[in-house]
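Heads up: the structure comes next, in structure tokens.
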Amino acid sequence: MSDLLEAGAELEKVATGSIWAEGPVWIGADRAVRYSDIPNNRILQFSEASGELSVYQENVEFTNGRTLDLDGSVIQCSHGRRRVERDRDGVVENVVDHWGEARLNSPNDVVVKSDGTIWFTDPPYGIMKPTEGHTGELEYGDNYVFRFDPRDGSVVPAVIDVETPNGLAFSPDESLLYVADSGASPPTGERDPARPGGHSIHVYDVFDGRLCKNGREFVEVSPGVPDGFRVDEHGNVWTSSHDSVQVFDPAGTQLLRIPVPEKIANVCFGGDDGRTVYIVASTSLYRIRTTVRDAAALLRAK
């Protein structure tokens, strides 16, 4: 057992019934985990207090990843609407859906930096997989990570050299941005040979809080590809893979592997003390107790 896990911690399945569960976030006010069931086009919510799973919303246009904004509202990615949107108590509004004249592809995962800027990945899954959105065109011809600044409405590419950007997260001091590349099996079926990697997490130095430079491979994740992940208060990366949650320290050394009996999409920290890791994996929601907390949640609390 790793000291990252609470003594006696065991993986527990707490809910099931999805086709492909994705995009979990802990809603502290509700003591609940909210997540997507993408092919069923609905959002589910698991109550930690009651142990019950409920349907939060249906016909949601294939939402995927989500996070909390600084004000506590939910920022989520919509494949179907090809946008990043805000859900405030069930009222959903557009945040960003274009870069210049071009529509976004299908925003996949999202993080909010401590300065209020919204960073999101934009692969093409929602316009190329009929079960995850609507058929469409790559209007700007690529797959980027974008930075949206709500203060002036600017949308700028932050990372352009990842084949199929997926999950993303900042280091605890926000000096590093980690980006998952799920391009080992890109939606088009073909990889760009000029782009390295394919099932790795990449890391970038962040300058002036907005410029990403010095991109390099952080770790190669196997089996499968990295999808969603989180960074804990000590800078360790908790990532999905085909068969386990894998934890790497800031130097890229694997510290822990938590086997999960289904293919994993994403994770989030939650619970009243922030030390429960919730895992969305194919049809089900799992959890396990840890000794650490989410770095982003601690920044929001300051």
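Readers should treat all values here as calculations from the given coordinates under stated rules, not as data from a laboratory. Keep in mind that what you see is a predicted model, and the values were worked out from it rather than measured. Quick reminder, even Gly has a Cβ in these numbers, built from the backbone with ideal geometry, and neighbours come from all protein chains shown.
Taking 7 Å along the Cα-to-C-beta vector as the label spot, tell me the Leu255-Glu61 distance in nanometres, rounded to one decimal.
Spacing of the two 7 Å Cα→Cβ label points: 3.9 nm.
Once fully extended, how much extra length lies between Ser175 and Ala301, figured as 0.36 nm per residue of separation less the alpha-carbon to alpha-carbon distance?
On the way: separation 126, 0.36 × 126 = 45.36 nm, distance 1.85 nm.
Result for the pair: 43.5 nm of gain on full extension.
7 Å from Cα along Cα→Cβ at both Val156 and Ser282: what's the point-to-point distance in nm?
About 4.3 nm, to one decimal.
Output ³J(HN,Hα) for segment 233-240: one whole-Hz value per residue in order, computed from phi by the Karplus curve 6.51 cos²θ - 1.76 cosθ + 1.60 with θ = phi - 60°, and x for Gly and Pro.
4, 9, x, 7, 9, 9, 10, 6
Per residue of segment 123-130, in order, report the coupling 6.51 cos²θ - 1.76 cosθ + 1.60 (Karplus, θ = phi - 60°) as ³J(HN,Hα) in whole Hz, putting x for Gly and Pro.
Using θ = phi - 60°, the values come out as x, x, 4, x, 9, 10, 10, x Hz.
Gain in length, Glu12 to Glu101, computed as 0.36 nm per residue apart minus the alpha-carbon separation, to one decimal in nm?
Working: separation 89, 0.36 × 89 = 32.04 nm, distance 4.64 nm.
So the chain would gain 27.4 nm between Glu12 and Glu101.
Using a cut-off of 10 Å between beta-carbons, work out the net charge of the residues near Arg31 (Lys and Arg +1, Asp and Glu -1, Arg31 not included).
Numbers: positive: none; negative: Asp30, Glu48, Asp272.
Summing Lys/Arg as +1 and Asp/Glu as -1 gives -3.
In square nanometres, what is one fourth of the surface area of the convex hull spanned by the alpha carbons of segment 1-49?
Working: hull surface 18.1 nm².
The number I arrive at for segment 1-49 is 4.5 nm².
Based on the mean of other beta carbon atoms within 10 Å per residue, what is the order of 72-84, 256-268, most packed first?
So the peptides 72-84, 256-268, ranked by packing, come out 72-84, 256-268.
Hey, how much of the P(r) for the chain falls beyond 36 Å, as a percent of Cα pairs?
Numbers: 3239 of 45451 pairs.
Counting every Cα pair in the chain, those more than 36 Å apart make up 7 percent.
Provide, for the chain, the number of lysine pairs with alpha carbons under 22 Å apart, each pair being eight or more places apart or on different chains. Could the numbers behind the result be given before it?
Values: Lys13/Lys263; Lys113/Lys213; Lys113/Lys302; Lys129/Lys263.
Within the chain, the lysine pair count is 4.
Please list 3J(HN,Hα) in residue order for segment 84-98, calculated via the Karplus relation 6.51 cos²θ - 1.76 cosθ + 1.60 where θ = phi - 60°; whole Hz, with x for glycine and proline.
9, 9, 10, 10, 10, 6, x, 9, 10, 9, 5, 9, 7, 9, 9
What is the set of long-range amide H partners of Phe218 at a cut-off below 5 Å, with H atoms built 1.01 Å from backbone N?
The list, which skips near neighbours in sequence, is Ile201, His202, Val203.
Any chance you could run the full-extension gain for Arg210 through Asp115? It's 0.36 nm times the residue separation minus the Cα-Cα distance, nm to one decimal. Before the final figure, lay out each step's value.
On the way: separation 95, 0.36 × 95 = 34.20 nm, distance 1.01 nm.
Additional length available on full extension: 33.2 nm.
Ranked highest first by average number of other Cβ atoms within 10 Å, how do 44-52, 239-247, 105-113 line up? Mind showing how you got there, number by number?
Details: 44-52: 15.3, 239-247: 22.3, 105-113: 26.1.
In descending order of packing, they fall as 105-113, 239-247, 44-52.
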